[in-house]
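Heads up, the thing below is written out as structure tokens.
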Amino acid sequence: MVIVFVLVAVLVLAVIVTANWYVWRRLFRDTTRGPGLTRRAGAVLIAGGWALAIGALVAERSGAPFWLQQVLAWPGFLWLALSIYLLLAVVAGEVIRPLLHRFLEYRARRTNGAPRPGPAPTTGEPAATSRPGAAAATAPGSPVGRTPATDPQRNGSGTAAPTATRPADNTGTTPAPATASQSGGAGGATAAAATAAAPQPASDAPQAPAAPPQPDHGAGALTAAPSAPQANGGGVTHAPAPASQPAPSRSTTGSATAPGPQADPAPGAPEGSPRSAAGPTGPSRRLFVSRVVAGAAAAAAVGTVGYGTYGVLRGPKVKRVTVPLAKLPRAAHGYRIAVVSDVHLGPVLGRGFAQKVVDTINSTQPDLIAVVGDLVDGSVKDLGPAAAPLAQLRARHGSYFVTGNHEYFSGAGQWVEEVRRLGLNPLENARREMPYFDLAGVNDVAGEDEGQGPDFAKALGDRDTARACVLLAHQPVQIHDAVEHGVDLQLSGHTHGGQLWPGNLIAAGANPTVAGLDRYGDTQLYVSRGAGAWGPPTRVGAPSDITLIELASKQA
């Protein structure tokens with residue numbers, strides 16, 4: 001048995017540690033670029049919050065000084081609620097994360113939706129197909145696509161100067177001449193233009209050095225492409241462009257095609273790719289998504305816990321429910337019973353909260369008040385002043401009280417005497433005959449450890465079964481004994497309606513009814529969600545209430 005307990009404890013501890021590591025990772029590690037103050041602060045926050053929560057639980061159960069319970073209760077219990085919704089929000093963020101990634105990628109593609117530029121043009125292609133960023137400025141009618149190697153030198157008459165053939169390389173072969181046209185006539189100019197416009201074969205083989213300049217033997221002589229400036233007939237000197245920066249191609253009219261500035265590609269992008277105008281990419285995008293999801297999760301958790309805490313502190317609302325009873329006489333039609341459970345006065349909810357509960361009950365002007373357990377979380381010495389407003393309860397047929405499981409954690413015998421002093425009538429496995437029905441009450445099942453458990457035979461054994469019977473029993477699981485003893489209506493609490501969603505799913509596994517009115521054979525069961533809250537003073541999906549039961553006679 002001890003081994004099983006230890007294994008269960010280790011498993012629970014492992015689950016808690018893993019869940020908190022996961023929350024820390026998503027909220028702090030994934031939202032920062034590296035180790036630093038933020039990650040350390042997150043670890044301190046999570047570990048410190050759990051230390052306060054465990055301290056608050058231990059202090060309440062061990063009967064620590066009440067001032068210490070109050071100091072630990074607020075931050076410790078609120079962290080319990082906050083940690084639940086941080087975990088749920090972070091898990092929900094796993095669904096949002098890939099959707100946000102896809103949205104950002106889609107937006108980036110839309111922003112960079114211009115067609116990707118093609119490859120750089122080869123010799124002979126039009127200048128319009130050159131890579132983006134090169135601003136072509138070719139004069140109308142001029143040939144395009146020339147390279148400095150094929151651009152003929154111009155003479156003073158406006159005609160192209162012929163260039164010599166390339167000398168033979170060391171392999172013994174003689175390359176084809178670059179151009180071979182005579183200057184000085186229209187035919188020569190036409191031939192030169194046609195030769196320049198023709199595409200030249202590309203070669204990766206190393207080229208032989210240019211031939212030395214030859215003496216000028218006349219207008220029709222062949223000249224080699226000089227490395228020094230050439231003088232033409234008009235006295236204008238044209239120097240060839242340096243080898244590292246090709247000269248712009250020239251038209252027959254002398255205008256040049258000037259290259260424009262090139263756009264710088266994005267850092268790390270392949271050459272020729274366009275500059276991105278969209279949002280962050282790569283690791284920056286992942287960091288952005290992590291921060292957005294983590295911020296949304298934290299905001300959702302804090303907002304949920306904040307609103308749920310406000311709902312408890314403002315006090316319970318009145319809920320009205322009509323319950324028909326077959327045995328109820330016509331004179332009792334509309335009889336009103338105010339049902340209040342699970343007030344949980346303690347280190348967090350004190351005298352001010354008790355006063356709100358009393359004022360709300362009295363505002364309903366009930367015929368009878370039923371307090372069905374878990375009134376306090378602490379001793380009479382510490383919480384006697386907080387419970388004092390209960391003396392102001394007013395009902396035509398009085399106020400009645402049965403114990404809940406938390407009374408047995410706080411000294412049930414002392415509290416039974418205290419509520420009697422405040423004017424309430426304890427029903428410890430007892431029954432009262434009211435004017436129109438029997439009112440019975442049984443102790444909570446937690447009292448069995450102290451020999452004060454529920455005794456249905458004592459409370460209901462010798463009653464008149466022709467009369468309607470209303471039973472006060474803290475836990476809904478006691479409904480099965482109530483059915484066996486012919487009870488018409490059982491009034492219970494204990495579940496808090498789950499208190500913190502999805503706690504209602506857990507409560508449903510341990511209780512036949514979590515909240516509201518239900519029927520079991522000829523017996524009806526009504527379960528209140530309670531007026532207060534245990535542990536975190538927070539409710540999510542299960543608002544607190546005080547229920548006004550209006551009995552209806554089927555004979556009316």
Show me the three semi-axes of the equivalent ellipsoid for segment 319-384, from the C-alpha gyration tensor (sqrt of 5 times each eigenvalue), largest first, rounded to whole Å. 30, 12, 9
One finds the C-alpha centres of segment 486-556 and segment 304-348 to be spaced, in Å, by 9
Amide H neighbours of His494 at under 5 Å, excluding residues fewer than 5 places away on the same chain, with H built from the backbone geometry, are Asp342
What are the semi-axes of the equivalent ellipsoid of segment 320-477, taken as the square roots of 5 times the eigenvalues of the Cα gyration tensor, listed largest first and rounded to whole Å? 26, 20, 12
Measuring with a 1.4 Å probe in the full set of protein chains, what accessible area per residue, in whole Å², belongs to segment 459-556? 35
Calculated from backbone phi, Karplus (6.51, -1.76, 1.60) coupling profile of segment 352-368 in Hz, x at Gly/Pro: x, 5, 4, 5, 4, 5, 4, 5, 5, 5, 5, 5, 7, 6, x, 7, 8
Points 7 angstrom from Cα along the Cβ direction at Phe103 and Ala552: gap in nanometres? 4.8
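Using a 1.4 Å probe on the protein chains only, how many percent of the accessible area of segment 15-114 belongs to carbon and sulfur? If you can, show how the numbers build up before the last one.
Working: 4160 of 5880 Å².
Result for segment 15-114: 71 percent of the exposed heavy-atom area is carbon or sulfur.
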Using a 1.4 Å probe on the protein chains only, how many percent of the accessible area of segment 390-470 belongs to carbon and sulfur? 41
Pull out the extension gain between Arg394 and Ser284, defined as 0.36 nm times the separation in residues minus the alpha carbon to alpha carbon distance; nm, one decimal. 33.0 nm
Taking every pair of alpha-carbon atoms in segment 31-85, what share in percent sits in each 5 Å bin, from 0 to the bin with the longest distance? 4, 20, 22, 18, 14, 10, 6, 4, 2, 0
For segment 374-384, in order, what is each residue's ³J(HN,Hα) by Karplus, 6.51 cos²θ - 1.76 cosθ + 1.60 with θ = phi - 60°, in whole Hz (x at glycine and Pro)? 6, 6, 9, 10, x, 7, 4, 4, 7, 10, x
If you line up the Cα atoms of segment 1-112 on their principal axes, what length do they span on each, largest first, in Å? 67, 37, 24
Cross-link partners of Lys356 among lysines (Cα-Cα below 16 Å; sequence separation of 8 or more within a chain): Lys317, Lys319
With DNA, RNA and ligands ignored, accessible area of Lys319 (1.4 Å probe; Å², nearest 10): 60
The set of residues whose placed amide H lies less than 5 Å from the amide H of Lys319, leaving out same-chain residues fewer than 5 positions away, is Ile546, Thr547, Leu548
Cα-based Rg then Dmax for segment 403-528, in Å, read 14.7, 43
Determine which aspartates and glutamates satisfy two conditions relative to Lys327: a Cα distance under 13 Å, and not lying fewer than 8 residues away in the same chain. Asp438, Asp464, Asp488, Asp522
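If you take every DSSP beta bridge whose two residues both sit in segment 434-549, what share of them, in percent to the nearest 5, is antiparallel? If you can, show how the numbers build up before the last one.
On the way: 5 of 17 bridges.
Bridges in segment 434-549 that DSSP calls antiparallel: roughly 30 percent.
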Would you grab the residues whose amide H sits under 5 Å from the one on Asp488? Only those 5+ places off in sequence or on another chain, please, with H modelled 1.01 Å from N. Cys469
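Which semi-axes, in whole Å and largest first, does the equivalent ellipsoid of segment 370-410 have when worked out from the alpha carbon gyration tensor as the square roots of 5 times its eigenvalues?
Numbers: eigenvalues 78, 39, 5 Å².
Over the Cα atoms of segment 370-410, the ellipsoid semi-axes are 20, 14, 5 Å.
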A student applying the Cα gyration tensor rule (rounded when a/c is under 1.5; otherwise prolate if a/b is larger than b/c, oblate if not) would label segment 1-46 prolate
Using r as the Cβ-Cβ distance of Asp464 and Ser363, and R0 as 51 Å, what FRET efficiency do you calculate, to the nearest 0.05? 0.90
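The values are calculated or read from the model by the stated rules, or taken from the named source; none is laboratory data. Just so it is clear, the model here is predicted, and its values are computed rather than measured. For neighbour counting, all protein chains shown are included, and Cβ atoms are generated from backbone atoms with ideal geometry for every residue, glycine included. With ligands, DNA and RNA removed, areas are computed over all heavy atoms of the protein, side chains included. Shrake-Rupley method; radii C 1.70, N 1.55, O 1.52, S 1.80 Å.
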